[in-house]
Amino acid sequence: VGALSPGPAAQQVLNQAWSEQSKRGTVSVQVVSDIRSPQNQIQILHIIASVENQLGGPVLNLSSTDSSPTNIGRETLYKTSDWLNPGQLISLFPGITLCLLQGDPSAYLETYAESSILSAEQTRRFAADLAAEGINVLVLPPVPPRLAADLGTRLARVAPAFSRRGSAALVDVLRDLQNRIHSGIENKTTAWFLALDACLYDPADDKEHRIL
């Protein structure tokens, strides 16, 4: 499992999400704070970052001025770019079969706005491009830090089942994640739209799954 995030809030969520699984030895977790060369050994990649539009297409925004250490994983790598499009991500992680694409908590807005819609559209475009290359992608929107940690921990617990059950394990957990989002946000209009932004791209049946 690779854990990739740009800033302190996202890194803290990843710490909380994967520390339990790492301590149990359920999975081997590698913190990918920076990238220099392709990482062939990573099969599941958990990303917490914002997706933005650059040069006419969706890209991951991995820019950060923070260099604080994290306490999960066994190795830290070094990055070459603050922006990655889907093709670049695949070239750096050619072995991934599952991408957990979670919004950065710092991008959460209490009121769902036009910028929220645009961000969700860019994230879905990014996910669809990955799915077109045969990668399962589970998308979660930006939510408050505490809720983001709860969602991340839920993902970490179900991710190992993906190797046994495939995308069926992800479909089962998607409804639970949506319910957690809806119940965990006070503004219910915002909660409803963010719950709908949680979705699964399964390259096997070429569908975008939305439970609600």
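Looking across the stretch 34-66 at every residue that is assigned to a loop (DSSP other than H, G, I, E, B) and either of a type in the set (A, V, I, L, M) or crowded, with 23+ Cβ neighbours inside 10 Å (or both), the one that is modelled with the lowest pLDDT is identified as Ile35.
Might you let me know whether the stretch 164-172 holds any residue that is modelled with pLDDT of 95 or more, part of a helix (DSSP H, G or I) and open to solvent by less than 50 Å² (accessible area, probe 1.4 Å)? For the stretch 164-172, residues modelled with pLDDT of 95 or more, part of a helix (DSSP H, G or I) and open to solvent by less than 50 Å² (accessible area, probe 1.4 Å): absent. For the stretch 114-136, a tally of residues being of a type in the set (Asp, Glu) and within 15 Å of Ile96 (Cα to Cα) returns 2. Tallying residues that are of a type in the set (D, E, K, R) and under 20 Å from Pro145 (Cα atoms) within the stretch 1-25 yields 1. Using the structure shown, decide if Arg180 is at negative phi, in contact (Cβ under 8 Å) with a residue 12 or more places away in the chain and open to solvent by 10 Å² or more (accessible area, probe 1.4 Å). So Arg180 passes the test. For the stretch 1-26, residues that are under 14 Å from Pro160 (Cβ atoms), open to solvent by 30 Å² or more (accessible area, probe 1.4 Å) and not basic (Lys, Arg) total 4.
Table: residues versus (1) out of contact with any Asp or Glu (no Cβ under 9 Å at 6 or more places or on another chain); (2) surrounded by fewer than 18 Cβ atoms within 10 Å (Cβ to Cβ); (3) modelled with pLDDT of 95 or more.
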{"position": "Ala107", "(1), (2), (3)": "yes, no, no"}
{"position": "Ser116", "(1), (2), (3)": "no, no, no"}
{"position": "Phe126", "(1), (2), (3)": "yes, no, yes"}
{"position": "Ala148", "(1), (2), (3)": "no, no, no"}
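The values are calculated or read from the model by the stated rules, or taken from the named source; none is laboratory data. None of the values given here were measured: they were computed from a predicted structure. Quick reminder, even Gly has a Cβ in these numbers, built from the backbone with ideal geometry, and neighbours come from all protein chains shown. SASA here: full protein model, heavy atoms, side chains in, ligands and nucleic acids out. Shrake-Rupley method; radii C 1.70, N 1.55, O 1.52, S 1.80 Å.
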